[in-house]
1. Looking at region 153-183 only, could you name the residues that are assigned to a helix (DSSP H, G or I) and either open to solvent by less than 20 Å² (accessible area, probe 1.4 Å) or not small (Gly, Ala, Ser) (or both)?
2. For residues that are of a type in the set (D, E, K, R) and open to solvent by 40 Å² or more (accessible area, probe 1.4 Å), scanning just region 1-18, find the one that is nearest to Ala41 (Cα to Cα).
3. When you check Pro121 against the structure, is it over 30 Å from Arg67 (Cα atoms) and outside any strand (DSSP E or B), yes or no?
4. Give me the residue from region 28-55 that is over 17 Å from Ser4 (Cβ atoms) and assigned to a loop (DSSP other than H, G, I, E, B) and, out of that set, least open to solvent (accessible area, probe 1.4 Å).
5. Any residue that is surrounded by 15 or more Cβ atoms within 10 Å (Cβ to Cβ), more than 19 Å from Ile16 (Cα to Cα) and of a type outside the set (Gly, Ala, Ser) - is there at least one of those in region 71-79?
6. Please go through region 129-139 and pick out each residue that is in a loop (DSSP other than H, G, I, E, B) and surrounded by fewer than 17 Cβ atoms within 10 Å (Cβ to Cβ).
7. Please verify whether region 145-152 includes one or more residues that are without any contact (Cβ under 8 Å) to a residue 60 or more places away in the chain, surrounded by fewer than 19 Cβ atoms within 10 Å (Cβ to Cβ) and in the same structural domain as Asp82 (by TED's automatic domain parsing).
8. Determine, yes or no, whether Glu77 is in contact with a helix residue (DSSP H, G or I) (Cβ under 8 Å, 6 or more places away or on another chain) and outside the structural domain of Lys167 (by TED's automatic domain parsing).
Amino acid sequence: MKVSPKAEEILEALWIATEEEGENAAHLSTLGVGPEDEALAELDRLAYIEISGDRVYLRKEGRPEARMTVRRHRLAERLMMDILDVKGGEGNAKACELEHLLHQGVDTKICTLLNHPTTCPHGKPIPPGRCCEEARSKGAVGVVALTELKAGEGGEIAYLATGDSRKMQKLMSMGVLPGTPLALRQTFPSFVFQVGNSQFAVDQELAREIFVRKG
(Lines give C-alpha, C1' and ligand atoms only; values in the text may rest on other atoms or scores of the structure.)
Protein backbone atom coordinates (compact mmCIF):
# COMPACT_ATOMS: atom_id res chain seq x y z
CA MET A 1 0.00 0.00 0.00
CA LYS A 2 1.44 3.36 -1.04
CA VAL A 3 1.70 5.85 1.79
CA SER A 4 1.68 9.65 1.55
CA PRO A 5 4.90 11.58 0.85
CA LYS A 6 4.98 12.98 4.40
CA ALA A 7 4.55 9.49 5.83
CA GLU A 8 7.40 8.27 3.62
CA GLU A 9 9.64 10.98 5.03
CA ILE A 10 8.83 9.85 8.56
CA LEU A 11 9.61 6.24 7.69
CA GLU A 12 12.89 7.31 6.10
CA ALA A 13 13.92 9.24 9.22
CA LEU A 14 12.97 6.31 11.46
CA TRP A 15 14.99 3.86 9.35
CA ILE A 16 18.07 6.08 9.50
CA ALA A 17 17.69 6.59 13.27
CA THR A 18 17.21 2.91 14.10
CA GLU A 19 19.28 1.13 11.46
CA GLU A 20 22.15 3.54 10.89
CA GLU A 21 22.42 5.60 14.06
CA GLY A 22 21.71 2.85 16.57
CA GLU A 23 18.68 4.47 18.20
CA ASN A 24 15.66 2.39 19.19
CA ALA A 25 13.24 5.26 18.50
CA ALA A 26 13.05 8.86 17.29
CA HIS A 27 11.59 11.91 19.01
CA LEU A 28 8.66 13.73 17.44
CA SER A 29 10.79 16.88 17.28
CA THR A 30 13.47 15.00 15.33
CA LEU A 31 10.83 13.83 12.86
CA GLY A 32 9.47 17.37 12.54
CA VAL A 33 5.91 16.41 13.43
CA GLY A 34 3.48 16.92 16.26
CA PRO A 35 1.47 14.22 18.06
CA GLU A 36 -1.63 15.05 16.00
CA ASP A 37 0.08 15.00 12.61
CA GLU A 38 -2.03 13.19 9.99
CA ALA A 39 0.97 11.41 8.47
CA LEU A 40 1.85 10.02 11.88
CA ALA A 41 -1.76 8.85 12.33
CA GLU A 42 -1.64 7.27 8.87
CA LEU A 43 1.40 5.17 9.80
CA ASP A 44 -0.15 4.28 13.15
CA ARG A 45 -3.30 2.99 11.42
CA LEU A 46 -1.14 0.80 9.20
CA ALA A 47 0.66 -0.53 12.31
CA TYR A 48 3.96 0.62 10.80
CA ILE A 49 4.91 2.58 13.91
CA GLU A 50 4.25 2.67 17.64
CA ILE A 51 3.92 5.98 19.47
CA SER A 52 4.82 6.27 23.13
CA GLY A 53 4.76 9.79 24.53
CA ASP A 54 7.07 11.88 22.38
CA ARG A 55 8.92 8.87 20.99
CA VAL A 56 8.11 6.95 17.81
CA TYR A 57 9.18 3.35 17.25
CA LEU A 58 9.46 1.61 13.89
CA ARG A 59 7.56 -1.68 14.06
CA LYS A 60 8.63 -4.76 12.14
CA GLU A 61 5.54 -4.34 9.96
CA GLY A 62 6.85 -0.94 8.81
CA ARG A 63 10.46 -1.96 8.21
CA PRO A 64 10.07 -3.17 4.59
CA GLU A 65 8.39 0.08 3.50
CA ALA A 66 10.89 2.20 5.47
CA ARG A 67 13.78 0.34 3.86
CA MET A 68 12.38 0.86 0.37
CA THR A 69 11.75 4.53 1.10
CA VAL A 70 15.42 5.01 1.96
CA ARG A 71 16.36 3.06 -1.16
CA ARG A 72 14.21 5.27 -3.40
CA HIS A 73 15.60 8.46 -1.89
CA ARG A 74 19.23 7.45 -2.33
CA LEU A 75 18.66 6.22 -5.86
CA ALA A 76 17.05 9.60 -6.62
CA GLU A 77 20.15 11.32 -5.21
CA ARG A 78 22.38 9.26 -7.49
CA LEU A 79 20.26 10.05 -10.52
CA MET A 80 20.15 13.78 -9.78
CA MET A 81 23.77 14.28 -8.87
CA ASP A 82 25.58 11.73 -11.03
CA ILE A 83 23.56 11.68 -14.23
CA LEU A 84 21.66 14.99 -14.29
CA ASP A 85 24.53 16.91 -12.59
CA VAL A 86 22.16 18.66 -10.17
CA LYS A 87 24.19 18.88 -6.98
CA GLY A 88 24.33 20.61 -3.61
CA GLY A 89 21.17 21.84 -1.94
CA GLU A 90 19.23 21.84 -5.21
CA GLY A 91 20.19 18.23 -5.87
CA ASN A 92 19.01 17.18 -2.42
CA ALA A 93 15.74 19.07 -2.81
CA LYS A 94 15.04 17.58 -6.24
CA ALA A 95 15.89 14.10 -4.99
CA CYS A 96 13.34 14.53 -2.18
CA GLU A 97 10.69 15.41 -4.76
CA LEU A 98 11.62 12.59 -7.11
CA GLU A 99 11.77 9.80 -4.55
CA HIS A 100 7.99 9.89 -4.05
CA LEU A 101 7.48 9.03 -7.73
CA LEU A 102 9.70 5.96 -7.81
CA HIS A 103 6.98 3.37 -7.32
CA GLN A 104 5.61 0.51 -9.43
CA GLY A 105 9.03 -0.66 -10.57
CA VAL A 106 10.41 2.76 -11.54
CA ASP A 107 13.05 2.43 -8.82
CA THR A 108 14.16 -0.86 -10.35
CA LYS A 109 14.55 0.73 -13.77
CA ILE A 110 16.60 3.61 -12.34
CA CYS A 111 18.72 1.23 -10.28
CA THR A 112 19.42 -0.82 -13.41
CA LEU A 113 20.21 2.35 -15.38
CA LEU A 114 22.75 3.32 -12.70
CA ASN A 115 24.08 -0.26 -12.67
CA HIS A 116 23.00 -0.99 -9.11
CA PRO A 117 24.99 1.55 -7.05
CA THR A 118 25.83 0.45 -3.51
CA THR A 119 26.05 3.89 -1.89
CA CYS A 120 24.47 7.34 -2.25
CA PRO A 121 26.62 10.39 -3.21
CA HIS A 122 27.25 10.95 0.53
CA GLY A 123 28.65 7.46 1.02
CA LYS A 124 25.62 6.01 2.81
CA PRO A 125 24.48 2.51 1.81
CA ILE A 126 21.63 2.04 -0.64
CA PRO A 127 19.51 -0.91 0.54
CA PRO A 128 19.70 -3.41 -2.32
CA GLY A 129 16.65 -4.51 -4.26
CA ARG A 130 15.92 -7.80 -5.97
CA CYS A 131 17.41 -6.41 -9.16
CA CYS A 132 20.72 -5.83 -7.33
CA GLU A 133 20.78 -9.38 -5.99
CA GLU A 134 20.12 -10.78 -9.45
CA ALA A 135 22.82 -8.59 -11.00
CA ARG A 136 25.39 -9.59 -8.39
CA SER A 137 24.59 -13.27 -8.86
CA LYS A 138 25.61 -12.70 -12.46
CA GLY A 139 28.84 -10.95 -11.44
CA ALA A 140 27.72 -7.31 -11.72
CA VAL A 141 28.63 -5.75 -8.36
CA GLY A 142 27.59 -2.16 -8.96
CA VAL A 143 29.06 1.25 -9.64
CA VAL A 144 30.88 3.32 -7.02
CA ALA A 145 32.90 6.53 -6.98
CA LEU A 146 36.67 6.12 -7.18
CA THR A 147 36.84 7.49 -3.62
CA GLU A 148 34.99 4.41 -2.39
CA LEU A 149 37.56 1.94 -3.69
CA LYS A 150 40.44 0.65 -1.62
CA ALA A 151 44.02 0.65 -2.84
CA GLY A 152 44.48 -2.44 -5.00
CA GLU A 153 40.88 -2.51 -6.19
CA GLY A 154 39.74 -1.57 -9.66
CA GLY A 155 37.24 -2.12 -12.39
CA GLU A 156 35.90 -0.53 -15.53
CA ILE A 157 35.13 3.18 -15.75
CA ALA A 158 31.34 3.48 -15.92
CA TYR A 159 30.83 7.22 -16.34
CA LEU A 160 32.21 10.64 -15.40
CA ALA A 161 29.96 12.77 -13.20
CA THR A 162 31.20 16.24 -14.00
CA GLY A 163 29.63 19.09 -15.89
CA ASP A 164 32.85 21.09 -15.84
CA SER A 165 34.36 21.04 -19.33
CA ARG A 166 37.86 21.69 -18.00
CA LYS A 167 37.67 18.72 -15.67
CA MET A 168 36.27 16.58 -18.44
CA GLN A 169 39.12 17.54 -20.77
CA LYS A 170 41.66 16.80 -18.04
CA LEU A 171 40.22 13.34 -17.43
CA MET A 172 39.99 12.56 -21.14
CA SER A 173 43.62 13.57 -21.61
CA MET A 174 44.51 10.93 -19.00
CA GLY A 175 42.58 8.31 -20.93
CA VAL A 176 39.82 8.23 -18.33
CA LEU A 177 36.92 7.20 -20.55
CA PRO A 178 33.87 4.98 -20.02
CA GLY A 179 34.70 1.34 -20.68
CA THR A 180 38.39 1.73 -19.84
CA PRO A 181 39.93 -0.52 -17.13
CA LEU A 182 41.23 1.36 -14.09
CA ALA A 183 43.16 0.23 -11.02
CA LEU A 184 43.51 2.28 -7.84
CA ARG A 185 47.05 2.27 -6.44
CA GLN A 186 46.91 4.80 -3.61
CA THR A 187 44.29 6.79 -1.67
CA PHE A 188 46.41 9.19 0.42
CA PRO A 189 47.49 11.98 0.26
CA SER A 190 46.03 11.89 -3.26
CA PHE A 191 44.23 9.26 -5.30
CA VAL A 192 46.68 7.54 -7.62
CA PHE A 193 45.22 5.27 -10.29
CA GLN A 194 46.50 3.43 -13.30
CA VAL A 195 44.99 3.48 -16.76
CA GLY A 196 46.89 1.36 -19.26
CA ASN A 197 50.59 1.73 -18.54
CA SER A 198 50.28 5.23 -17.04
CA GLN A 199 49.59 6.36 -13.48
CA PHE A 200 47.88 9.63 -12.51
CA ALA A 201 47.25 11.47 -9.25
CA VAL A 202 44.06 13.46 -8.63
CA ASP A 203 42.56 15.13 -5.57
CA GLN A 204 39.50 13.82 -3.74
CA GLU A 205 37.13 16.23 -5.48
CA LEU A 206 38.04 14.96 -8.93
CA ALA A 207 38.25 11.33 -7.79
CA ARG A 208 34.68 11.62 -6.51
CA GLU A 209 33.52 12.33 -10.06
CA ILE A 210 34.98 9.15 -11.57
CA PHE A 211 32.58 6.22 -11.27
CA VAL A 212 33.84 2.69 -11.60
CA ARG A 213 32.01 -0.59 -12.20
CA LYS A 214 33.85 -2.77 -9.73
CA GLY A 215 35.45 -5.89 -11.12
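1. Correct list: Arg166, Lys167, Met168, Gln169, Lys170, Leu171, Met172.
2. Ranking the qualifying residues of region 1-18, first place goes to Lys6.
3. no
4. By that ranking, first place goes to Gly53.
5. Looking through region 71-79, at least one residue is surrounded by 15 or more Cβ atoms within 10 Å (Cβ to Cβ), more than 19 Å from Ile16 (Cα to Cα) and of a type outside the set (Gly, Ala, Ser).
6. Lys138, Gly139
7. no
8. Yes.
The values are calculated or read from the model by the stated rules, or taken from the named source; none is laboratory data. These numbers were taken from a predicted model, which means no experiment stands behind them. Cβ sites come from the backbone with ideal geometry, for glycine too, and all protein chains shown count toward neighbours. Please note that ligands, DNA and RNA were not included when accessible areas were found on the heavy atoms of the full protein model with its side chains. Shrake-Rupley method; radii C 1.70, N 1.55, O 1.52, S 1.80 Å.
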